[in-house]
Amino acid sequence: MNIKKNSSRKIIVAGSEGFLGQSISKSFEDKGNEVIKLDLKLGHDFTKENQVKSLMQSNKDAFTLITPFALNPLPGEASYDIFNMPLDLVDSYLRVNLLSLFSVCREFAAVCPKGSSIINFSSTYGVSSPKHFIYPEGFVKNIGYTMSKAGVIGMSKYLATYLAPNIRVNTVVPGGVRADFDPIFIENYSKMTPMERMMEKKEILGAIHYLASDDASYTTGSQLTVDGGWGAW
């Protein structure tokens, strides 16, 4: 394998300016890695195939791709139930969270060195349905989010088997991360986890660093769940 051992690496974070992306980027920079930050806020549109191809061609020496970008409807935002939801709205989740993700992974895999790693992000809601009763009255978590995040797991498994042994592909399955949510929602969510709280952003970083490291050299096609025990109940 052409993998660099015990040295800093060039890492691409697709979704670097998002809620998790900023913390992920900083944590790898703090360890001496060169982080290539890609994000819609920086002018990078992952729905544009030619732009994705150009971005990856410009970073052929990157050894790790981390993809925390996604459309994710949050409590307090406008929502629809499944009977009045426009199909175009569902399509937007599939287009960004799944199809664009595939494009980013494919173009990275086409040019990256042997021994590289891809780390994708699903969600507890890609493994099981949202618990609708924990949300404020009138809010419904968009079904497109669950459909697309379930697809991330399937796509990552496919890529893991297809790209092995040259490239590892794994999926992080995070639980809810504490943010500026309604206190009632935070309380309701926390009651559903054995840890009795939501996750802090820093608590997802260890899993990501492990999957990007040489310690995970035999880990591919896996889901690493960090959800405070949410899925154990």
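Before moving on, here are some points about what is shown:
- Just so you know, in the range 113-163 the residues that are charged (D, E, K, R) and assigned to a helix (DSSP H, G or I) include one that is farthest from A70 (Cα to Cα), and it is K157.
- All positions within the range 76-95 that are in a helix (DSSP H, G or I), touching a residue at least 24 places away in the same chain (Cβ under 8 Å) and of a type in the set (A, V, I, L, M, F, W, C): L89, V90, L94
- Number of the condition not met by Y189 [criteria: (1) crowded, with 19+ Cβ neighbours inside 10 Å; (2) within 18 Å of F69 (Cα to Cα)]: (2)
- Residue in the range 201-219 that is over 19 Å from K31 (Cβ atoms), part of a helix (DSSP H, G or I) and of a type in the set (D, E, K, R) present: no
- Selection over the range 92-137 of residues that are closer than 14 Å to N72 by Cα, surrounded by fewer than 21 Cβ atoms within 10 Å (Cβ to Cβ) and not small (G, A, S) gives a count of 5.
- Residue list for the range 193-204, filter: surrounded by fewer than 18 Cβ atoms within 10 Å (Cβ to Cβ) and in contact (Cβ under 8 Å) with a residue 40 or more places away in the chain: K201, K202
- Residue in the range 42-55 that is under 30 Å from I184 (Cα atoms), touching a strand residue (DSSP E or B) at 6+ places or on another chain (Cβ under 6 Å), of a type outside the set (A, V, I, L, M, F, W, C) and in a loop (DSSP other than H, G, I, E, B) present: no
- One residue from G231, G138, G176, G144 being in contact (Cβ under 8 Å) with a residue 40 or more places away in the chain, at positive phi and in contact with a Ser or Thr (Cβ under 8 Å, 6 or more places away or on another chain): G138
- Check on T161, β-branched (V, I, T), modelled with pLDDT of 95 or more, surrounded by fewer than 14 Cβ atoms within 10 Å (Cβ to Cβ) and in contact with a Gly (Cβ under 8 Å, 6 or more places away or on another chain): yes
The values are calculated or read from the model by the stated rules, or taken from the named source; none is laboratory data. Computed from a predicted structure; not experimentally measured. As a convention, Cβ positions derive from the backbone with ideal geometry for all residues, glycine included, and neighbour counts pool all protein chains shown.
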